[in-house]
1. Can you say whether Ser208 is open to solvent by less than 30 Å² (accessible area, probe 1.4 Å) and either modelled with pLDDT under 70 or among the polar types (S, T, N, Q) (or both), as far as the supplied structure shows?
2. So Lys291 passes all but one of these: (1) more than 22 Å from Ile398 (Cβ to Cβ); (2) touching a helix residue (DSSP H, G or I) at 6+ places or on another chain (Cβ under 7 Å); (3) not in a helix (DSSP H, G or I). Which condition number does it fail?
3. Could you pull out the residue among Leu346, Leu357, Leu328 that is within 18 Å of Val300 (Cα to Cα), of a type in the set (A, V, I, L, M, F, W, C), touching a residue at least 40 places away in the same chain (Cβ under 8 Å) and open to solvent by less than 40 Å² (accessible area, probe 1.4 Å)?
4. Here are some residues: Asn111, Asn96. Which one is surrounded by 20 or more Cβ atoms within 10 Å (Cβ to Cβ), at pLDDT 80 or above and farther than 28 Å from Ile284 by Cα?
5. Can Ser361 be described as farther than 18 Å from Met159 by Cβ and of a type in the set (S, T, N, Q)?
6. Considering the stretch 360-383 alone, what residues qualify as being at pLDDT 80 or above, farther than 29 Å from Arg135 by Cβ and surrounded by fewer than 19 Cβ atoms within 10 Å (Cβ to Cβ)?
7. Determine the pairs where a residue that is of a type in the set (Asp, Glu), located within the stretch 245-262, has a partner that is at pLDDT 75 or above and assigned to a helix (DSSP H, G or I) with Cβ atoms under 8 Å apart, the partner being 6 or more residues away or on another chain.
8. Can you list residue pairs whose Cβ atoms sit under 9 Å apart, with the first residue in the stretch 99-115 being closer than 17 Å to Gly181 by Cβ and the second being among the acidic types (Asp, Glu)? Count only pairs 6 or more apart in sequence or on different chains.
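The values are calculated or read from the model by the stated rules, or taken from the named source; none is laboratory data. None of these values were measured; they are calculated from a predicted model. Note: ideal-geometry Cβ built from the backbone for every residue, glycine included; neighbour counts use all protein chains shown. Just the protein is used for accessible areas: all its heavy atoms, side chains included, with ligands, DNA and RNA removed. Shrake-Rupley method; radii C 1.70, N 1.55, O 1.52, S 1.80 Å.
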Amino acid sequence: MYFRNYQRPTLGHTFYAFNNRNYRILWPANFFSLTARWMQMTLLAWMVLELTDSAWLVAHVGTFSLTPMFFLGLISGVMADSFNRKVLLRTTQGTNLCVVLIMTWVLFTGNEQYWHAYVMSVVIGASWSLELVVRRTVIFDLIGSRKVTNALALDSIGMTASSMLGPLLAGILISQIEVKGGYAVVCCLYVVSSTLIWFIDPPARQGSTIKPVAVGKDLLQGLSYSLTHKVLLAVILVTITMNLMLFSYRHMVPVIARDILLIGPALMGLLQAGDGFGATLGAIMIASRPKIRYHGRLFVLGSLLAMGSLLFFSLSPTYWFSLPLMILLGTGVSGFATMQATLTMLVSPANMRGKNLGVISLAIGTAPIGAIIVGALAERYDAAFALTITAAIGFVGIAAIGVVMPALRGRISQ
């Protein structure tokens with residue numbers, strides 16, 4: 001019976017969401033914006049390194065960019081449910097363009113200071129916190145529940161591809177036209193993205209004036225709903241575990257590459273791109289599926305694959321064993337990331353969708369705490385040991401969540 005009803009994945013299924021005109025505009029707009037974001041993180045980190053020659057101060061660029069997600073996650077969900085989403089998207093893109101123009105002017109006048117990178121990182125992180133929730137709710141508005149998994153998988157393809165292209169392009173530009181030239185290119189990308197956003201016409205949603213008391217009520221409503229819904233609670237717990245125990249590996253890869261794998265910067269760059277390559281492949285495989293029956297199982301299995309790959313990566317003594325493990329890690333992350341948003345939106349009522357995505361953003365905002373944990377362990381012992389401990393704890397934690405919360409393993413109605 002199963003094989004009789006089986007539908008083979010096809011490229012047509014992969015690009016189904018592009019049948020929607022608005023999605024055909026939203027996807028490249030998001031891709032250009034994300035590429036510019038990843039470029040900025042690389043450019044700012046390099047600027048701080050040149051100005052201070054301090055790895056500790058460079059690490060704060062990532063910390064400042066992630067911190068707004070923790071504080072603004074819930075608020076962004078309330079805004080996505082209360083304001084006109086098209087206006088919110090235009091506002092975030094316009095804000096990005098304005099601050100990038102200011103930073104470009106500072107660089108070309110030669111007045112840059114290392115703390116400018118932290119200010120930019122906070123603005124980038126705050127804009128991303130709002131844009132992430134609003135964009136995903138707009139995708140649901142455009143595509144609907146039936147093909148939202150396909151659309152979000154395509155969204156993940158754009159995110160992972162930009163995470164490879166952005167740093168690569170930034171590195172090339174730094175070597176050719178310095179950080180200020182790279183920022184000029186970032187400006188151009190934001191101009192393109194902002195222009196495309198103006199041509200998007202999602203289903204109308206009237207805005208409203210939000211009072212402080214109403215905001216507090218909505219925040220508590222979203223948090224209460226998420227914590228009492230069995231599937232959403234499981235998604236939150238897995239998300240926190242992944243951000244505490246997995247994603248800080250990015251800061252440790254250069255250390256492991258130099259001190260354990262004994263490789264140079266070129267191979268190290270390829271190693272860092274491995275997870276993005278794997279995530280892109282995973283997202284394409286998910287998008288090509290005509291129908292996914294058990295979203296939660298893919299969510300858990302993807303998370304376990306990522307954690308297991310990181311555990312073996314931390315124990316690997318050779319580069320050519322580490323590289324495929326990074327690709328597997330990225331493949332697992334694509335299952336986690338795509339199903340995280342899909343599950344949240346499928347089980348949420350229309351008036352709670354943005355609020356619940358905001359709660360997920362709050363869970364994502366625990367990432368800076370994970371960076372502190374990994375950094376402390378690495379300083380006390382070494383980078384490989386830090387990843388071994390966190391990956392082992394994360395693997396056991398996610399497996400336990402999958403076992404004790406059976407609602408996550410069930411079939412989600414669409």
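1. When the stated conditions are applied, Ser208 does not pass them.
2. Only one criterion is unmet by Lys291, namely (2).
3. Only one candidate qualifies: Leu346.
4. Asn96
5. Details: farther than 18 Å from Met159 by Cβ: no; of a type in the set (S, T, N, Q): yes.
Criteria not met by Ser361.
6. Scanning the stretch 360-383 gives Ile373, Tyr381, Asp382.
7. Cβ pairs passing all conditions: Asp259/Ala383.
8. Every condition considered, the pairs that remain are Met103/Glu112; Val106/Glu112; Leu107/Glu178.
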